[in-house]
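> This is the structure I have questions about; it appears just below.
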Amino acid sequence: QVQLVESGGGSVQAGGSLRLSCAASGFTFRSTCMGWFRQVPGKEREGVALIDSDGSARLADSVKGRFTISKDNAKKTLYLQMNSLKPEDTAMYYCAAGGRYGLCVLFSRYFHSWGQGTQVTVSS
């Protein structure tokens, strides 16, 4: 049973920082494509960042230069460091495990397991 549990969300002022964590269990974390997605009501789920099993990362253009994705294989934990936060970053953030179709790609359909989400609210 795959489990993904996000934490670290909260409210922060524009320009501030947050670090999200995702505790994983029930699968081989080390070799799994992992990603962060976000969603606001009425909009499609948006890919934010992913990290492949080899440690290579990909970021959405909207967060490049501000966010960093990383993981600790020993702790089976995925992280998203978010700096210089903007009000438009406000969303529910989801951790996901992927690799569907043998690909690690920043689209939700390539991910098979999802956490419950953690809310990030950035005020001006």
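The values are calculated or read from the model by the stated rules, or taken from the named source; none is laboratory data. This structure is a prediction, so every number in the text was calculated from the model and none was measured. A quick note on method: Cβ atoms are made from the backbone with ideal geometry, for glycine too, and the neighbour counts reach across all protein chains shown. For accessibility, only protein heavy atoms count, side chains too; no ligands or nucleic acids. Shrake-Rupley method; radii C 1.70, N 1.55, O 1.52, S 1.80 Å.
> If I filter the range 19-65 down to residues being part of a loop (DSSP other than H, G, I, E, B) and either aromatic (Phe, Trp, Tyr) or in contact with a strand residue (DSSP E or B) (Cβ under 7 Å, 6 or more places away or on another chain) (or both), which single residue comes out as most open to solvent (accessible area, probe 1.4 Å)?
Going through the qualifying residues, I end up with Arg45.
> Suppose the filter is surrounded by 12 or more Cβ atoms within 10 Å (Cβ to Cβ) and outside any loop (DSSP other than H, G, I, E, B); does Leu78 pass it?
Considered against the rule, which asks whether it is surrounded by 12 or more Cβ atoms within 10 Å (Cβ to Cβ) and outside any loop (DSSP other than H, G, I, E, B), Leu78 comes out as yes.
> Please go through the range 95-115 and give me each residue that is out of contact with any Lys or Arg (no Cβ under 7 Å at 6 or more places or on another chain), part of a strand (DSSP E or B) and not hydrophobic (A, V, I, L, M, F, W, C), ordered by number.
If the condition is that a residue be out of contact with any Lys or Arg (no Cβ under 7 Å at 6 or more places or on another chain), part of a strand (DSSP E or B) and not hydrophobic (A, V, I, L, M, F, W, C), then Gly98, Ser113 are the ones that fit.
> Which ones in the range 1-18 are part of a strand (DSSP E or B) and touching a Ser or Thr at 6+ places or on another chain (Cβ under 8 Å)?
Result: Gln3, Leu4, Glu6, Ser7, Gly10, Ser11, Val12, Gln13.
> State the number of residues belonging to the range 82-98 that are crowded, with 18+ Cβ neighbours inside 10 Å and over 16 Å from Leu20 (Cα atoms).
1
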